[in-house]
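Peer 1: Structure incoming, see below.
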Amino acid sequence: MKIIVNYDILINKKNGLKHDYIPSNLVDVASRYKDNIKLEEETYQQWKALQECVSGKCYVIEVESGYRSYEYQDNILKEIIDEKGEEYAMKAVALPGYSEHQTGLALDYCVMRDNIFITENDIDQCEESIYTNSIAHKYGFIVRYPKGKESITGYKYEPWHLRYVGIDLATYLFVNNKTLDEYYEEAENEKS
């Protein structure tokens with residue numbers, strides 16, 4: 001049976017998933033960063049292709065985080081609120097049910113240099129992440145929370161957070177410097 005996946009689904013602060021939503025086609029990810037990471041199957045296949053292309057430049061990127069259940073996301077949110085406060089957490093962490101990670105289509109990645117992992121904000125100026133993010137659309141990925149679009153996405157800039165939307169849509173968004181939120185807003189405006 002072929003599984004139908006809505007790769008362009010919009011998950012943001014207004015559009016969420018049911019508490020019990022679990023993608024039916026999750027696969028295990030082979031990551032040197034940590035074990036027990038899962039992604040939606042096509043997303044993982046495209047990630048491996050992107051990873052292989054990046055390795056051609058002698059860069060090493062690894063999945064740091066993939067699918068997250070509602071409960072897992074709830075725990076992350078509580079931890080960040082405890083560590084950094086609610087105001088910071090609301091700009092940095094999705095509410096449970098409103099995280100793209102729950103779709104299995106989103107991943108956070110890190111850079112590996114000399115057997116050391118460079119993560120999150122520290123990858124912003126890494127040549128590996130700059131290159132990865134410049135070609136990610138060719139493999140169907142977008143930087144979901146780009147710099148300068150915080151007021152549109154509702155989240156701070158996250159160069160490490162990639163979202164799989166398919167090659168055609170990713171290329172359209174990349175070429176036109178648009179977020180997935182802007183794409184949906186345009187589609188709504190065209191209907192009006």
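Peer 1: Starting from 0.36 nm per residue, how many nanometres of slack lie between N177 and E79 once their C-alpha separation is accounted for?
Peer 2: Going from the current span to full extension adds 32.0 nm.
Peer 1: Of the candidates H161, H19, H137, which one comes out as most mobile in a Gaussian network treatment of the chain with C-alpha springs shorter than 10 Å?
Peer 2: H19
Peer 1: Taking the Cα centre of the chain as origin and charging only Cβ (+1 Lys, Arg; -1 Asp, Glu), how large is the dipole, in debye to the nearest 20? It would help to have the intermediate numbers written out before the result.
Peer 2: Values: 22 positive and 34 negative charges, 58 e Å.
Roughly 280 debye, rounded to the nearest 20.
Peer 1: Something else now. Please get the size of the charge dipole for the range 113-190, origin at its Cα centre, with Cβ charges of +1 on Lys and Arg and -1 on Asp and Glu, quoted in debye to the nearest 20. Don't skip to the answer; put the middle values down first.
Peer 2: Working: 8 positive and 15 negative charges, 32 e Å.
Its charge dipole is roughly 160 debye.
Peer 1: How many angstrom separate the Cα center of the range 154-192 from the Cα center of the range 39-102?
Peer 2: The distance from the Cα centre of the range 154-192 to that of the range 39-102 comes to 17 Å.
Peer 1: Counting other beta carbons within 10 Å of each Cβ, put T43, T132, T179, T171 in order, fewest first. Display every interim value, and only then the final one.
Peer 2: Details: T43 31, T132 26, T179 20, T171 15.
Listing T43, T132, T179, T171 from fewest to most nearby Cβ atoms yields T171, T179, T132, T43.
Peer 1: Does the range 135-192 come out rounded, prolate or oblate by the C-alpha gyration tensor, with a ≥ b ≥ c the root eigenvalues, rounded set by a/c under 1.5 and, if not, prolate when a/b is larger than b/c and oblate if not?
Peer 2: Working: a/c = 2.30, a/b = 1.16, b/c = 1.98.
Oblate is the answer for the range 135-192, as a/c is 1.5 or above yet b/c matches or exceeds a/b.
Peer 1: On a full-extension model of 0.36 nm per residue, what is the gain between E52 and M90, subtracting their alpha-carbon distance, rounded to one decimal in nm?
Peer 2: Full extension from E52 to M90 adds 10.2 nm.
Peer 1: So how do R32, R163, R144 line up by other beta-carbon neighbours within 10 Å, fewest first?
Peer 2: Numbers: R32 12, R163 26, R144 23.
The most exposed by this proxy come first: R32, R144, R163.
Peer 1: Past the 19 angstrom mark, what percentage of all C-alpha to C-alpha distances in the chain do you count? Before the final figure, lay out the partial values.
Peer 2: Numbers: 10756 of 18336 pairs.
Roughly 59 percent, once rounded to a whole number.
Peer 1: Then there's this: Report the charge-dipole magnitude of the range 1-110 in Debye, nearest 20, computed about the Cα centre from +1 at each Lys and Arg Cβ and -1 at each Asp and Glu Cβ. Walk me through the numbers before you get to the answer.
Peer 2: Details: 13 positive and 19 negative charges, 49 e Å.
The calculated dipole for the range 1-110 is roughly 240 debye.
Peer 1: Still on this structure, I have one more. May I have the count of lysine pairs in the range 26-191 with C-alpha atoms under 21 Å apart, counting pairs 8 or more residues apart or located on different chains?
Peer 2: 19
Peer 1: A further question follows. Neighbour counts of other C-beta atoms within 10 Å: give me D168, D114, D8 arranged from fewest to most. Intermediate values should be presented prior to the final figure.
Peer 2: Values: D168 12, D114 5, D8 18.
Ranking D168, D114, D8 by Cβ neighbours within 10 Å, fewest first, gives D114, D168, D8.
Readers should treat all values here as calculations from the given coordinates under stated rules, not as data from a laboratory. Treat the numbers as computed from the prediction; the structure is a model and nothing was measured. Positions of Cβ are backbone-derived with ideal geometry, glycine not excepted, and every protein chain shown enters the neighbour counts.
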